[in-house]
Amino acid sequence: MTEEELLGSDLELRIQPYSVTGGIGIDLFVGRGGDLSMATGRANLGQALLHRLLTRRVELADIGHHDYGTRLYELIGEPNNPGTRERVKLYVKEAVAQEIRVKDVIGIEVLPLREDPSVVTVELTVLPIESTVPMNLVFPFYLEVV
């Protein structure tokens, strides 16, 4: 079985900033030919991990996914200090551990963003199933609602 088959495919979703509110939104991506674009293999796994991390743990409970998502939302409003960054790391690790396409979490770094003290950068390195090549995912987490 190929890595693309193991890691699956799904519609490609793009995270885009809202110009009016300053927040973010997620939308389908249309390719050059006018068709909906697909995320396959590692791109699909990265997209799935990001969506898991952006979803509140209780958000999908009504449709039977009680443990899907993360508890990161509990940290909104907390100060950007070492204790909060350790909790970010813990909540990311909890969520990623539930993804069956991840064999191992190699590392999680949570770094303060100098330009904006209300933001931390999460650098996640995982080992996908049936692979010896790690993959990285880097994303911002906002400790304050923008």
For segment 24-73, radius of gyration divided by Kirkwood radius, i.e. Rg to Rh on alpha-carbons: 1.08
Quote the relative contact order of the chain in percent (integer), defining contacts as alpha-carbon pairs under 8 Å separated by 6+ residues. 18
If you bin every alpha carbon distance in the chain into 10 Å steps from zero, what whole percent lands in each bin? 11, 36, 37, 14, 1
Counted charge near residue 119, where neighbours are those whose Cβ lies closer than 15 Å (Asp, Glu -1; Lys, Arg +1): -4
Using a simple spin-label model with points 7 Å from Cα along the Cα→Cβ vector, what separation in nm is obtained for residue 71 and residue 35? 4.4
Which one, 84, 66, 55, is farthest towards the positive end of the dipole of the chain when Lys and Arg carry +1 and Asp and Glu -1 on their Cβ? 84
Interchain or sequence-distant (5+) residues whose placed amide H lies within less than 5 Å of the amide H of residue 29 are 12, 14, 37
Would you mind calculating the gained length between residue 58 and residue 109 on full extension (0.36 nm times residue separation, minus the Cα-Cα distance), in nm to one decimal? 15.9 nm
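Each reported figure results from applying straightforward, stated rules to the coordinates on display, with no laboratory input. Just so we're clear, the structure is a prediction, and the values are computed from it rather than from any experiment. Neighbour counts run over all protein chains shown; Cβ positions are idealised from the backbone, glycine included.
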